[in-house]
Amino acid sequence: MADYYPYNFGGLPEENSALEASRFVILPVGYEATTTYGKGTKKGPSAIMDASRNMELYDEELCSEPFLHGIHTAGDLLFHSIAPEAMLETVEEAAAGFLSKGKFLVSLGGEHSISYPLFEAHRKHFGKIGVLQVDAHLDLRESYEGTPFSHAAVMRRICEKTRDIVQVGIRSYSVEEAEFIKSGPTKIFWAKDIVSDDDWIEKAVSLLPEKVYLTVDVDGFDPSIMPATGTPEPGGMGYYQTLKLLRTLAQKRTVVGADFVELAPIPGHPASDFLVSKLIYKTIGYIGGAGK
């Protein structure tokens, strides 16, 4: 069925996907260089795109069609070098270009290291912003395997720019990170605690400033619903639990940008691809209807 639709997020016609008419821009960033266990995140953006072209575009929760806000799909971001330092410049420059046009940018990874230059582009454009991170891991190492720009150090780099960071779903970290968080550089909602706390979502959002950048590492989900990621950890977030978090965030804060990273698609098993595609579409719907 999808073969009949344009190759863009949602398979949208020109009137709903042209850059000039679109509030939202999808930026595929299939960068993968510092992953350390499972590979395949460079194929994440294309898997998300394929799944999105086969999903229903009417949202049963919002009773609306979020694509009517306009969703433009940019061309795949290309890298002349896979060196992390070169990636930073390429990603930040591309993001800044769309922000200067007044677009809301939704970036598709690729590995989590891309979130630092994306955050930087948004910080320079919007000024003071906080970060909501959904993840299994803290990603607060000073460096990993020889680079401070590893996926395992991405939040440490962001932490150098802002301390308005809320991390949710965390359930795996190193002894180095255990020492670092003693100084309280971020606010952490551990996976083991939010299971029995009905009020954690309101608490998490209340700790964020007015303007927020959202980064979702899909290993934040429990691997029973998200096996397609390089470092799955048991005991993660549920789908509807995450939707409630993102809906509350959009209602109570101004979300300025978002990325969804670390999908490593499994051939022949598209359920994970559809989960991420639907999650992105729902997020667009929440933000588009938030009136902010």
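The values are calculated or read from the model by the stated rules, or taken from the named source; none is laboratory data. Model, not experiment: these values are computed from the prediction. Because the Cβ atoms are built from the backbone with ideal geometry, glycine has one as well, and the counts that use them run over all protein chains shown.
Summary of computed values
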{"quantity": "Verdict on Ala21 being of a type in the set (Gly, Ala, Ser) and under 20 Å from the mean Cα position of the chain (by Cα)", "calculated": "no"}
{"quantity": "Flag if Phe104 is farther than 24 Å from Ile188 by Cα and either among the basic types (Lys, Arg) or more than 16 Å from the chain's Cα centre (by Cα) (or both)", "calculated": "no"}
{"quantity": "Selected residue (only one of Met55, Met87 is touching a Ser or Thr at 6+ places or on another chain (Cβ under 8 Å) and closer than 26 Å to Thr248 by Cβ)", "calculated": "Met55"}
{"quantity": "Filtered residues of region 1-48 (kept if among the aliphatic types (A, V, I, L, M), within 30 Å of Glu145 (Cα to Cα) and surrounded by fewer than 21 Cβ atoms within 10 Å (Cβ to Cβ))", "calculated": "Ala33"}
{"quantity": "Strands (runs of 3 or more DSSP E) within region 165-245 that include 1 or more residues more than 12 Å from Ala136 (Cα to Cα), under 17 Å from the mean Cα position of the chain (by Cα) and hydrophobic (A, V, I, L, M, F, W, C)", "calculated": "165-170, 211-217"}
{"quantity": "Candidate set: region 169-190, residues that are aliphatic (A, V, I, L, M) and surrounded by fewer than 21 Cβ atoms within 10 Å (Cβ to Cβ); chosen: the one nearest to His112 (Cα to Cα)", "calculated": "Ile188"}
{"quantity": "Subset of region 114-135 [among the acidic types (Asp, Glu) and either in a strand (DSSP E or B) or surrounded by fewer than 24 Cβ atoms within 10 Å (Cβ to Cβ) (or both)]", "calculated": "Glu120"}
{"quantity": "Residues being surrounded by fewer than 20 Cβ atoms within 10 Å (Cβ to Cβ) and not polar (S, T, N, Q) - total across region 209-224", "calculated": "4"}
{"quantity": "From Ser107, Ser150, residue being touching a Leu at 6+ places or on another chain (Cβ under 6 Å), surrounded by 16 or more Cβ atoms within 10 Å (Cβ to Cβ) and of a type in the set (Gly, Ala, Ser)", "calculated": "Ser107"}
{"quantity": "Boolean, Arg53 is surrounded by fewer than 24 Cβ atoms within 10 Å (Cβ to Cβ) and out of contact with any Gly (no Cβ under 9 Å at 6 or more places or on another chain)", "calculated": "no"}
{"quantity": "Meets criteria (in contact (Cβ under 8 Å) with a residue 40 or more places away in the chain, out of contact with any Lys or Arg (no Cβ under 6 Å at 6 or more places or on another chain), in a loop (DSSP other than H, G, I, E, B) and closer than 25 Å to Pro117 by Cα) for Leu263", "calculated": "yes"}
{"quantity": "Where Arg141 falls short, out of the listed (1) touching a Gly at 6+ places or on another chain (Cβ under 7 Å); (2) assigned to a loop (DSSP other than H, G, I, E, B); (3) surrounded by 19 or more Cβ atoms within 10 Å (Cβ to Cβ)", "calculated": "(1)"}
{"quantity": "Residue check for Glu85: over 17 Å from Ala271 (Cβ atoms), among the acidic types (Asp, Glu), exposed (fewer than 14 other Cβ atoms within 10 Å of the Cβ) and modelled with pLDDT under 95", "calculated": "yes"}
{"quantity": "All positions within region 122-138 that are without any contact (Cβ under 8 Å) to a residue 40 or more places away in the chain and either among the aliphatic types (A, V, I, L, M) or within 24 Å of Thr242 (Cβ to Cβ) (or both)", "calculated": "none"}
{"quantity": "Condition check for His137: farther than 20 Å from Leu249 by Cβ and modelled with pLDDT of 95 or more", "calculated": "yes"}
{"quantity": "When residues of region 88-98 are limited to those that are among the aliphatic types (A, V, I, L, M) and surrounded by fewer than 19 Cβ atoms within 10 Å (Cβ to Cβ), the one nearest to Phe149 (Cα to Cα)", "calculated": "Leu88"}
